[in-house]
Structure formats: structure tokens, C-alpha cells
Amino acid sequence: TDAAGNLSNYSNISTATTNQSTVSPISFIQLAYATPQSPQLTVPVTFASAQTSGNLNVVVVGWNDTTAVVSSVTDSVGNAYTLAVGPTQASGQLSQSIYYARGILAAGASTNTVTVRFTVPAQYADIRVLEYSGLDRVNPVDVTAAAIGADTNSQSGAATTTNANDLIFGANIVATKTKGPGTGFTKRMITSPNGDIVEDRVVSTVDSYSAPAPLTKSGPWIMQMVAFK
């Protein structure tokens with residue numbers, strides 16, 4: 001990564017409107033999160049900085065029960081969100097899904113709010129939103145993986161990519177706390193007070209990849225990975 005925390009590899013971006021491909025760096029742009037500590041039916045999270053047309057939004061939705069279900073993920077400017085992986089459930093205690101919006105619309109600073117709605121109030125919802133540039137605007141998901149456990153190392157399990165230049169995006173929800181990112185990954189956030197991580201790395205070869213993150217102590221966890229091309 002560079003001094004601004006941007007990722008330094010490259011990926012081909014398919015541009016649907018022009019049928020041309022350009023090469024652009026895969027870069028982390030910004031993040032925000034919300035961790036309400038009382039049950040919530042809706043949880044809004046606002047991107048603080050302006051958003052650039054064509055970028056990718058990723059939304060991690062975690063919560064501490066298996067009763068609530070995500071009914072919708074929307075935002076203020078009308079981007080369409082698609083489920084990448086999940087819902088994954090652990091021990092009747094935890095749930096998590098990852099959504100994305102490809103080729104997003106431009107938005108001014110603090111004008112785009114992502115809203116997650118549940119069917120019933122969700123316990124300890126942990127909503128994380130991130131923006132990246134340099135990813136496929138048409139079909140960005142390469143492969144996914146997800147796993148559950150109850151030890152000191154959250155681990156998504158492995159998936160083999162089909163595209164050489166991918167962003168490996170990992171996120172967990174835990175009953176304890178996450179200690180830090182896995183080897184080779186950059187920590188983008190550990191939410192407070194919940195202790196859930198988002199981490200990423202860029203790879204340049206087709207291979208089998210997974211997303212790990214160590215915990216402070218044993219307890220139930222879910223770890224998910226999405227490889228974006």
C-alpha cells in the first residue's frame with residue numbers, strides 16, 4: 001500500500017457503456033460504520049466523502065441473532081445492492097452477509113446514506129460500508145467463501161480465484177473481539193465496541209485464497225471472503 005493506504009495492484013475494468021477496457025489501480029477510498037447497541041429495525045450509515053461514479057460499494061451486515069433477516073439494502077442515490085455471500089449463521093448467536101453495488105453513481109460529501117432494513121429489530125447490528133475504485137463495473141464478484149467456528153482464529157475457508165488481479169475482501173462478526181488482520185492483509189477497521197474486522201489485500205495470480213483474522217479469546221465467529229475482480 002502507499003502512504004494513503006491505497007492498494008497498489010491493477011485490474012481490468014469492463015466499461016459497459018463503451019465496451020472498452022482500461023487499466024486502473026485497485027484502491028481503497030473510504031469507509032464508515034454504525035454499531036447501535038440496542039435492537040434496531042433500520043440502520044443508516046453515511047459516506048462522509050464524495051463518491052466517484054463507477055466505483056464499488058461494499059456493505060457488510062452483521063448482527064447478534066439468527067431471528068432477524070435483512071429485508072433491504074438501499075442508499076440515497078439509488079444504487080442497486082446485490083448479495084455477494086450470506087446470510088451465514090453461527091450457533092444461534094451471529095449472522096452476517098456481504099452486499100455490493102457495482103458501477104456506483106456519483107455523490108457529494110455526506111449525501112449518500114446506506115440504509116439496512118431488517119424484518120425485526122436486529123441485536124447489536126454492525127453495519128460497515130466501504131468504497132473501492134478500480135474494480136469491474138459489470139460483474140465484479142469472482143469467488144466467495146464463508147465459515148463459522150468458536151475458537152481464537154476466524155477463518156473464511158478457501159476459494160480458488162478465476163481472475164489474476166483480485167481484491168480479497170474479508171469481514172467477520174465475533175462474540176469476543178478481533179485482535180487484528182490476518183497475515184498479508186490490511187486492516188480497514190475494527191468496529192467499536194463490537195470488535196468486528198474488515199480487511200483486504202490485492203493479489204496478482206490465480207490461486208486458492210482465504211481471509212483469516214485472530215481473536216483475543218475463544219468464542220463464536222463468522223468469517224466471510226469475497227474476491228472482487
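Tabulated data
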quantity: Any hit, the range 159-167, residues being among the β-branched types (V, I, T), in contact (Cβ under 8 Å) with a residue 24 or more places away in the chain and in a loop (DSSP other than H, G, I, E, B); calculated: yes
quantity: Unique match (being aliphatic (A, V, I, L, M), more than 19 Å from A146 (Cα to Cα) and out of contact with any Cys (no Cβ under 6 Å at 6 or more places or on another chain)) among A84, A48, A90; calculated: A48
quantity: Some residue of the range 108-115 being at pLDDT 95 or above, more than 17 Å from T66 (Cβ to Cβ) and aliphatic (A, V, I, L, M); calculated: yes
quantity: Set P220, P181: member being open to solvent by 10 Å² or more (accessible area, probe 1.4 Å) and in contact with a Leu (Cβ under 8 Å, 6 or more places away or on another chain); calculated: P220
quantity: Which listed residue is modelled with pLDDT of 95 or more, under 14 Å from the mean Cα position of the chain (by Cα), under 29 Å from Q93 (Cβ atoms) and of a type in the set (D, E, K, R), from K177, K187; calculated: K187
quantity: Restricting the range 112-156 to residues that are charged (D, E, K, R) and in a strand (DSSP E or B), the residue that is farthest from V59 (Cα to Cα); calculated: D142
quantity: Conditions (1) modelled with pLDDT of 95 or more; (2) surrounded by 15 or more Cβ atoms within 10 Å (Cβ to Cβ); number of the one not met by S72; calculated: (2)
quantity: Which listed residue is surrounded by fewer than 16 Cβ atoms within 10 Å (Cβ to Cβ) and touching a residue at least 12 places away in the same chain (Cβ under 8 Å), from S133, S208, S154; calculated: S208
quantity: Residues that are buried (at least 16 other Cβ atoms within 10 Å of the Cβ), in contact (Cβ under 8 Å) with a residue 60 or more places away in the chain and not in a strand (DSSP E or B), drawn from the range 86-111; calculated: Q93, G103
quantity: Complete set of residues in the range 49-69 that are touching a strand residue (DSSP E or B) at 6+ places or on another chain (Cβ under 6 Å), surrounded by fewer than 20 Cβ atoms within 10 Å (Cβ to Cβ) and more than 22 Å from Q123 (Cα to Cα); calculated: S49
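The values are calculated or read from the model by the stated rules, or taken from the named source; none is laboratory data. This is a predicted model, so every value here is computed, not measured. Heads up, the Cβs are rebuilt from the backbone with ideal geometry, glycines too, and the neighbour counts pull from every protein chain shown. When the accessible area is computed, the model is the full protein with side chains, heavy atoms only, and any ligands, DNA or RNA have been set aside. Shrake-Rupley method; radii C 1.70, N 1.55, O 1.52, S 1.80 Å.
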